[in-house]
Amino acid sequence: QLQLVESGGGLVQAGGSLRLSCAASGRTFSYYTMGWFRQAPEKEREFVAAISRSGGSTNHADSVKGRFTISRDNGKNTVYLQMNSLKPEDTAVYYCAAKYFGGTSWSEVHYDHWGQGTQVTVSS
């Protein structure tokens, strides 16, 4: 069973930056396409970004494009989400997810494993 543990969330002022990390264990990390999703209070979970198994292909939601960057280090079994120019509307619980083989996907139904989430709060 692949286990995912997120870290790096916290409270930041608007315009600030955070880097989220998601450490994977239990299975071969490079077999998994990785994604970040988020869920704000009283809203549905939404796609943020995804990265291919090699890291050579990425997708970002329009709402974060140009501000957030997903990356991975297969040697460290870790995927990252660098978040810059944060806005209050970025406030949410951020989840790391893994998809066994296949390409990147914006749909959460394609992801097999999920972390417990990390809270990001952006103050105005």
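The values are calculated or read from the model by the stated rules, or taken from the named source; none is laboratory data. The structure presented is a predicted model; accordingly, all values stated were derived computationally and were not measured. Reconstructed Cβ throughout: ideal geometry from the backbone, glycine too, with neighbour counts over all protein chains shown. When the accessible area is computed, the model is the full protein with side chains, heavy atoms only, and any ligands, DNA or RNA have been set aside. Shrake-Rupley method; radii C 1.70, N 1.55, O 1.52, S 1.80 Å.
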message: Report every pair of residues separated by at least 6 positions or lying on different chains whose Cβ atoms are under 7 Å apart, first residue within the range 22-36 and modelled with pLDDT of 95 or more, second in a strand (DSSP E or B) and among the basic types (K, R).
response: Y32/K99; T33/K99; M34/R72; G35/K99
query: So which residues in the range 59-70 are of a type in the set (V, I, T) and not in a strand (DSSP E or B)?
result: V64
- line: Sole miss for L86 among (1) within 14 Å of the chain's Cα centre (by Cα); (2) in contact (Cβ under 8 Å) with a residue 12 or more places away in the chain is condition (1)
message: Need pairs with beta-carbon distance below 7 Å; first residue over 24 Å from K87 (Cα atoms) and within the range 50-75, second open to solvent by 40 Å² or more (accessible area, probe 1.4 Å) and of a type in the set (G, A, S); sequence gap 6+ or separate chains.
response: S52/G103; R53/S30; G55/S71; N74/S30
- line: Of those in the range 20-58 that are part of a loop (DSSP other than H, G, I, E, B), closer than 23 Å to V122 by Cα and charged (D, E, K, R), the residue most open to solvent (accessible area, probe 1.4 Å) is E42
message: Just the residues that are assigned to a loop (DSSP other than H, G, I, E, B) and at pLDDT below 95, please, taken from the range 84-110.
response: F101, G102, G103, T104, S105, W106, S107
field: Subset of the range 64-76 (residues that are in contact with a Ser or Thr (Cβ under 6 Å, 6 or more places away or on another chain) and surrounded by 20 or more Cβ atoms within 10 Å (Cβ to Cβ))
entry: I70
- request: Could you check how many residues of the range 1-16 are open to solvent by 50 Å² or more (accessible area, probe 1.4 Å), touching a Ser or Thr at 6+ places or on another chain (Cβ under 9 Å) and closer than 19 Å to T78 by Cα?
  value: 3
query: Out of curiosity, is A61 touching a Phe, Trp or Tyr at 6+ places or on another chain (Cβ under 8 Å), surrounded by fewer than 22 Cβ atoms within 10 Å (Cβ to Cβ) and aliphatic (A, V, I, L, M)?
result: yes
task: Would you check which residues across the range 100-111 are open to solvent by 30 Å² or more (accessible area, probe 1.4 Å) and over 17 Å from N77 (Cα atoms) and list them?
output: G102, G103, T104, W106, E108, V109, H110
- prompt: Of (1) under 25 Å from V12 (Cα atoms); (2) at pLDDT 95 or above, S124 satisfies all except one. Which?
  reply: (2)
